[in-house]
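Every read-out reported here was derived from the displayed coordinates using simple, explicitly stated rules and does not represent laboratory data. Worth saying up front: this structure is predicted, and the values here are computed from it rather than measured. A quick note on method: Cβ atoms are made from the backbone with ideal geometry, for glycine too, and the neighbour counts reach across all protein chains shown.
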Amino acid sequence: MNWKVEREPCLTCSTDTITYTTGPAGGKEFQEAIIYIDGGCNELELLCVGVDANVEFNFAMGVIRDTDPGQTLGQVRINLFCNDQGDWEFANFRGLPIVNVECSSFHPHS
């Protein structure tokens, strides 16, 4: 059987339209930030690593934790896709532009 996969139209998104918060209370740099281009479409893959790792998006409007389904303990990998308006969005949250992400994990006090 042949399966046909159709993609929605998309543009090339700029990484300038998304901010990365590295705030003082556990915020840190993403371990990986990879941009893929597939037929003129962009995909941005981000990897957050650490104890109790989580990725907050849109200024803590939502969070993805390392204990959520599909994630691995100690790391959170997210994929953002460029939509036809030139905005970044999650595949499972269509129509919600992602404008900010933060990698956060537990930092014990020294």
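Here are the numbers:
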read-out: Overall Cα dimensions of the range 19-70, principal axis frame, Å, largest first; value: 38, 25, 21
read-out: Volume per residue of the C-alpha convex hull in the range 44-96, rounded to whole Å³; value: 76 Å³
read-out: Per-residue ³J(HN,Hα) for the range 56-69, Karplus 6.51 cos²θ - 1.76 cosθ + 1.60, θ = phi - 60°, Hz, x for Gly and Pro; value: 9, 10, 6, 6, 6, 5, x, 9, 10, 9, 5, 9, 6, x
read-out: Net +/- balance of residues flanking Thr22 in space, Cβ distance below 12 Å, scoring K and R +1, D and E -1; value: -2
read-out: ³J(HN,Hα) computed for each position of the range 13-23 - Karplus, 6.51 cos²θ - 1.76 cosθ + 1.60, integer Hz, glycine/proline x; value: 9, 8, 6, 6, 8, 10, 9, 10, 8, 10, x
